[in-house]
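The block underneath contains the structure these notes are about, expressed in structure tokens.
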Amino acid sequence: MKKSKLFVIMGAMVAILTVASPASAEGFLPDFLNPGKMMQEAIVDFFNEIASDIATAAFELLSDYVIGITEIDKIPSIKTFMQWSQAAGGVIAGIFFVKRLGEALRDELTGETTPNIAEIIGSFAVSCALIFATPYIILNYIIPINNQVVKAISKLGIDVKIYDDVIDMMTTGDQGLHFVFLFLIWAFVFIAFSISGAIRYVDLAVLLIMGPLVATSYVNRSQVYATYWTEVVAVVFTQSIHMLLAYFVIQWASDGTFLGFCFSLAGAVVALRGPQVLRQFLYTSGSGGMLQGAGRMASYKFLMKGVGK
């Protein structure tokens with residue numbers, strides 16, 4: 001009898017030690033008696049919720065300002081500001097013209113140089129035409145070309161609603177802390193990528209308003225106008241780069257693997273650098289000068305239409 005009691009006591013002690021051991025705590029203890037597991041789950045849920053909210057906002061911005069053609073109507077009162085800018089540009093061009101003409105007459109009277117009056121008048125006429133031709137070229141040629149590129153890329157099958165699958169996968173799956181932190185970093189970078197699409201609209205608004213004012217510099221044969229066109233192309237066609245990278249970013253993220261999120265994160269970082277890379281290419285290739293020549297040809301057309309009337 002004493003031996004049987006001894007075996008019972010020994011068995012109970014072994015069972016208690018087995019249940020209380022850290023290795024078996026995962027399977028035998030309820031969660032409220034396992035603070036380590038509870039803390040990890042709380043951290044995972046907390047960061048998953050933050051990352052999911054940020055990612056949802058990022059995809060909404062992506063849909064409005066990156067995926068889809070450029071629509072200047074999204075910029076409030078842009079056409080009114082452009083008209084004001086053209087009026088101001090005409091006044092500034094007139095001031096520059098009077099200044100150059102006065103300097104030419106002074107040089108002729110003093111005998112310092114023989115001014116080219118025809119060139120001064122011609123530059124003024126071209127500058128006046130550029131004041132109206134610059135926004136016309138952007139709205140009717142540059143932006144439509146970009147929109148066609150965007151439409152071509154969209155045929156790859158970009159579906160922004162796939163983000164529901166990405167978020168569900170991250171919030172309902174049993175992910176480790178390293179994966180959750182990567183998801184959080186990805187969400188922050190991705191919303192920065194989406195915000196850059198909205199910033200592009202602000203840049204475009206500034207360029208459209210500044211265009212007629214910058215065109216007045218042609219009276220003085222300044223290189224500012226060539227630099228302006230480089231900025232225009234960089235800002236407008238940044239959307240094409242963003243569109244292509246958005247396709248890769250979304251597809252890699254939907255893969256649901258750690259490596260897929262790493263590639264998606266890398267794609268979003270590259271997208272943030274897109275405008276700088278494009279500007280660097282345009283400056284080194286001399287495309288700004290080519291675009292300035294195109295603007296000058298367009299101004300000649302405007303002049304010819306005016307003469308024809």
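The set of residues in segment 180-221 being small (G, A, S) and farther than 30 Å from A104 by Cβ consists of A187, A192, S194, S196, G197, A198, A205.
Report, by residue number, each residue of segment 193-217 that is among the aromatic types (F, W, Y) and closer than 15 Å to S77 by Cα. Within segment 193-217, just Y201 meets the criteria. When residues in segment 197-240 are screened for being open to solvent by less than 50 Å² (accessible area, probe 1.4 Å) and of a type in the set (D, E), 1 of them pass. Per the listing S194, S240, the residue uniquely of a type in the set (G, A, S), at pLDDT 85 or above and under 14 Å from the mean Cα position of the chain (by Cα) is S240. If we scan segment 114-125, do we find a residue that is open to solvent by less than 60 Å² (accessible area, probe 1.4 Å) and in contact with a Pro (Cβ under 7 Å, 6 or more places away or on another chain)? Looking for residues that are open to solvent by less than 60 Å² (accessible area, probe 1.4 Å) and in contact with a Pro (Cβ under 7 Å, 6 or more places away or on another chain), one finds none in segment 114-125, hence no. Is it the case that F261 is closer than 21 Å to S194 by Cβ, modelled with pLDDT of 75 or more and open to solvent by less than 10 Å² (accessible area, probe 1.4 Å)? Yes.
Residues that are assigned to a helix (DSSP H, G or I) and polar (S, T, N, Q) within segment 113-132 comprise S123, S127, listed in sequence order.
Among the residues of segment 70-83, those identified as in a helix (DSSP H, G or I), in contact (Cβ under 8 Å) with a residue 12 or more places away in the chain and farther than 18 Å from I145 by Cα are K74, I78, F81, M82. Annotation: of all residues in segment 92-113 being of a type in the set (A, V, I, L, M, F, W, C) and out of contact with any helix residue (DSSP H, G or I) (no Cβ under 9 Å at 6 or more places or on another chain), the one that is most open to solvent (accessible area, probe 1.4 Å) is L109. In the set V66, V8, only one residue is within 30 Å of S240 (Cβ to Cβ) and either modelled with pLDDT of 80 or more or open to solvent by 40 Å² or more (accessible area, probe 1.4 Å) (or both); that residue is V66. Pairs linking a residue in segment 93-117 that is without any contact (Cβ under 8 Å) to a residue 24 or more places away in the chain to a residue that is open to solvent by 100 Å² or more (accessible area, probe 1.4 Å) and outside any loop (DSSP other than H, G, I, E, B), with Cβ atoms under 6 Å and 6 or more positions apart or on different chains, are P115/E108.
The values are calculated or read from the model by the stated rules, or taken from the named source; none is laboratory data. Given the structure is predicted, the values throughout are model-derived calculations rather than measurements. For neighbour counting, all protein chains shown are included, and Cβ atoms are generated from backbone atoms with ideal geometry for every residue, glycine included. In case anyone asks, the SASA skips ligands and DNA or RNA and just uses the protein heavy atoms, side chains included. Shrake-Rupley method; radii C 1.70, N 1.55, O 1.52, S 1.80 Å.
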